[in-house]
1. Would you please name the residue that is modelled with the lowest pLDDT, looking only at residues in region 19-50 that are out of contact with any helix residue (DSSP H, G or I) (no Cβ under 7 Å at 6 or more places or on another chain) and part of a loop (DSSP other than H, G, I, E, B)?
2. ALA16 passes all but one of (1) surrounded by 15 or more Cβ atoms within 10 Å (Cβ to Cβ); (2) within 10 Å of the chain's Cα centre (by Cα); (3) not in a loop (DSSP other than H, G, I, E, B); which number fails?
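The values are calculated or read from the model by the stated rules, or taken from the named source; none is laboratory data. Given the structure is predicted, the values throughout are model-derived calculations rather than measurements. Backbone-built Cβ (ideal geometry, glycine too); neighbour counts: all protein chains shown.
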Amino acid sequence: MVRDPVCGMMVDENKAAATAEYKGKTYYFCAPGCKAAFEKDPEKYLSGEGTGSEHGGHHGHGHHQGH
């Protein structure tokens, strides 16, 4: 399991909805929207500012229902 750098959720590398490579490292995302946010401003999320704070500590995408 790895942490989604955008929302802070734990993501299974084998089931990640999206991945992105940045500076030679692969990042895993719970949803394509998180990947899009990461690609717009990767340094924001890698510096630690974005982890959890984007959703106020709550994962508010609403796409995890029914799993």
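1. GLU49
2. The failed condition is (3).
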